[in-house]
Amino acid sequence: MVAQPDLCFCGFGIADLAITAAIGTPIELVEYRINSLSRGKGSLGKVTTQICVHDKRYQGKAIETDVMRASALALINAVNKMVLDEATLVKQP
């Protein structure tokens, strides 16, 4: 039998679990906003997310006809900004 490492995840669902496992640190979603940019079938939705990691905030945005896809892309955009910021901090002397 192989021993499994103890992992602790904070969040409200599988998306939080997957993101926390991928980046190795818990994130807090502090803002989630959906705005409609047009009307009718095929209208565009703009999703804005803001996450907090280690007392720093990062914002992500996405525009899509599928609001679920836009939500995922906006969250990924915010996480990518956080990862880039942390990588930049590590490279500084």
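Taking (1) modelled with pLDDT of 85 or more; (2) surrounded by 10 or more Cβ atoms within 10 Å (Cβ to Cβ) in turn, Ala21 satisfies each apart from (1).
When the range 42-70 is filtered for residues that are under 17 Å from Pro26 (Cα atoms) and hydrophobic (A, V, I, L, M, F, W, C), the ones remaining, listed by number, are Ile51, Cys52, Val53.
Scanning the range 25-38 for residues that are of a type outside the set (Val, Ile, Thr) and in a loop (DSSP other than H, G, I, E, B), we see that the one that is modelled with the highest pLDDT is Leu37.
Scanning the range 39-93 for residues that are among the basic types (Lys, Arg) and at pLDDT 90 or above yields Lys46, Lys56, Arg57, Lys61, Arg69, Lys81. Suppose we keep only residues that are of a type outside the set (S, T, N, Q) and free of Cβ contacts under 8 Å to residues at least 24 places away in the same chain within the range 73-85. Which one would you say is nearest to Ile19 (Cα to Cα)? Ranking the candidates gives Ile76 first.
Looking at the range 61-93 only, could you name the residues that are outside any helix (DSSP H, G or I) and under 14 Å from Asn35 (Cβ atoms)? Once the filter is applied, which keeps residues that are outside any helix (DSSP H, G or I) and under 14 Å from Asn35 (Cβ atoms), the range 61-93 yields Lys61, Ala62, Ile63, Glu64, Thr65. If the condition is being of a type in the set (A, V, I, L, M) and crowded, with 17+ Cβ neighbours inside 10 Å, then the range 24-61 contributes Ile27, Val47, Ile51, Val53.
Filtering the range 40-61 to residues that are free of Cβ contacts under 8 Å to residues at least 12 places away in the same chain, over 18 Å from Ile19 (Cα atoms) and among the charged types (D, E, K, R) leaves only Lys41.
The values are calculated or read from the model by the stated rules, or taken from the named source; none is laboratory data. Quantities reported herein were computed from a predicted structural model and do not represent experimental measurements. Using ideal geometry, Cβ is built from the backbone for each residue, glycine included, and neighbour counts are taken over all protein chains shown.
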